1. When the convex hull of the C-alpha atoms of the stretch 437-577 is computed, what volume per residue in Å³ does it have?
2. Over its Cα atoms, what ratio of radius of gyration to 2.2 N^0.38 Å does the stretch 306-395 give?
3. Hey, could you grab the Kirkwood Rh for the stretch 368-421? Inverse mean 1/r over distinct alpha carbon pairs, Å, one decimal.
4. Computed over the Cα atoms of the stretch 135-233, what is the convex hull's projected area averaged over all directions, in nm²?
5. Using a Debye calculation, one point per C-alpha and no hydration shell, please list log10 I(q)/I(0) for the stretch 430-506 at q = 0.11, 0.15, 0.21 Å⁻¹ in order.
6. Can you run the Rg to Rh ratio on the stretch 72-134? Use alpha carbon positions and the Kirkwood inverse-distance Rh.
7. Divide, for the stretch 135-181, the radius of gyration over alpha carbons by 2.2 N^0.38 Å, where N is the residue count.
8. What fraction, in whole percent, of alpha-carbon pairs in the stretch 266-428 exceed 21 Å separation?
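None of the figures in this text is laboratory data; all of them are computed from the coordinates on show. The structure presented is a predicted model; accordingly, all values stated were derived computationally and were not measured. All Cβ positions, glycine included, derive from the backbone under ideal geometry; neighbour counts span all protein chains shown.
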């Protein structure tokens with residue numbers, strides 16, 4: 001029997017080598033049925049065949065066949081964590097999120113050190129519940145103000161109330177405290193309405209009728225009659241970005257009685273021109289780098305696509321300077337249908353004229369709002385106020401500036417409500433080059449740029465020992481090939497680089513032409529459709545690769561290509577950069593991280609909500625700027641591992657230096673471009689790589705003088721996570 005089973009596998013291998021994956025898969029399954037002892041021996045190649053087969057089926061959209069194959073595979077390997085993770089990925093891909101959640105969760109229960117299913121589970125949670133829900137629910141200022149306003153407005157036993165965009169149902173429960181005649185809540189998200197149903201039932205608010213529909217798709221019959229009080233909180237940092245004007249215009253027309261009231265009563269949006277170099281670096285190429293690139297007179301801005309503003313916690317930025325007093329851009333009365341309709345359909349721009357307070361530069365415009373819930377209750381997001389509601393960030397309008405100004409100068413800004421969303425119109429004309437966020441952030445990291453610039457002389461000396469500089473071939477797969485550019489300026493023969501977009505490619509060519517580098521020396525790979533085959537059998541004298549994405553995680557495709565280049569395309573004695581990448585970490589306690597990932601019932605008027613919402617907690621947050629993060633360190637920074645071909649998980653004992661409760665491990669990287677050149681940390685202001693945090697829940701008590709055991713778990717593909725071993729703390 002064993003002989004026959006092994007013959008099946010031999011034939012299966014032959015079939016798979018010729019692309020007959022379906023027949024090969026059948027033979028593997030048959031061989032395992034004949035001889036179960038072969039399963040562990042041939043499991044890796046069996047999974048490889050299954051992956052290839054399902055890729056073919058996915059291209060043909062044969063979804064049922066994919067899951068049929070997975071079912072047969074799981075029958076053979078019922079507790080295989082890799083198969084469970086692979087099934088979850090396909091379920092996620094085809095929109096079966098709840099089922100994907102279950103498979104990722106099951107894989108983690110079987111192996112909690114397996115990184116991929118945890119990252120995939122986090123992706124599902126982020127998709128089903130956006131992170132801002134936690135921040136909003138923990139904003140006691142916002143919650144208490146809405147509760148007070150509803151209690152001051154609702155008439156017991158008379159009002160018929162509608163909560164539009166109910167989310168978790170919190171505002172509906174506040175309204176329910178006022179004993180309304182009827183109360184209905186609606187939300188377009190199936191996940192949020194299901195959550196609201198569970199939460200309202202848990203809090204004995206069964207009278208709240210919850211509908212899983214957008215309010216704009218209903219009429220008054222759908223909500224149980226004309227409503228006499230509408231409550232909503234559909235606002236973003238730019239006030240109107242969640243389509244609140246369209247929603248309330250429809251509500252006035254189709255859902256509300258003639259005498260109905262709306263909470264909030266009114267809203268007002270404010271604008272202030274500012275100088276903030278930190279913000280400016282996020283959206284425009286700084287002058288220092290433009291000089292290095294020999295394009296000092298060019299205006300280079302971020303590629304914005306459809307976004308008309310960004311959202312930032314402006315109050316955190318200490319270098320911000322208000323160049324003029326804030327002015328009110330517009331005010332709208334939500335209780336006046338004509339005002340809502342007119343504001344929504346206005347075609348003329350709003351114009352503000354500011355009187356500049358001092359000589360300097362305006363390089364950003366920020367906006368915030370007041371919600372006048374009633375005549376006596378107001379919420380503000382003003383970044384200067386200690387009483388602001390922190391549920392919302394501030395809007396940052398960043399395009400078509402900077403502008404040099406003088407004291408007393410009058411400066412105009414023009415804004416348009418474009419499809420109900422605020423847009424700042426161009427104010428002074430200049431030709432603008434556009435580049436991707438990755439390229440901009442990379443080039444605006446002046447410390448890293450200077451380190452690259454400072455490495456060129458040593459590189460030329462090093463490479464001069466194996467070849468004449470005029471014969472050297474370079475690969476630079478960083479967001480902008482600065483190293484490659486500087487080497488070509490020194491006389492290198494050729495450069496292969498990669499551009500994120502066609503817009504980046506145009507910028508690359510503009511810069512190289514400005515430096516009198518013939519484009520014939522340049523081969524630009526665009527996008528991410530290219531693979532390892534583009535390098536053919538060529539060998540290169542120097543290879544420089546970036547293996548990280550902007551938000552601080554390892555970019556697995558980049559890491560795979562980097563390892564391939566180092567192993568197969570680097571000349572003997574050639575230079576690979578960076579030469580060393582360390583994973584750094586620090587144990588901390590941060591209230592800010594806590595309230596952005598975990599709801600506390602005391603912040604929602606003690607309604608029982610936390611146990612339901614907190615199922616959507618994630619174990620890792622990205623895009624963290626440590627220079628603006630408030631936290632208490634519980635350890636010194638320590639080396640927790642390296643990013644390399646070594647994918648073994650290991651344990652690090654970290655000395656605790658302060659008493660406290662551990663709720664997060666900060667994670668960043670230390671890069672050494674060349675040996676003996678020194679290291680540079682990504683834990684810096686203006687670093688092109690953000691920090692990440694691995695969240696610990698529940699919190700773990702730390703005692704100064706003791707050791708905390710951190711697990712550095714690594715998958716074969718190089719993805720990793722950091723965990724705390726609770727049993728040894």
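1. 105
2. Computed over Cα atoms of the stretch 306-395, the ratio equals 1.25.
3. The answer is 14.3 Å.
4. Its average projected convex-hull area is 5.8 nm².
5. Each listed q corresponds, in turn, to -0.32, -0.57, -0.96.
6. Rounded to two decimals, Rg/Rh equals 1.01.
7. Output field value: 1.12.
8. In whole percent, the long-distance tail amounts to 51.
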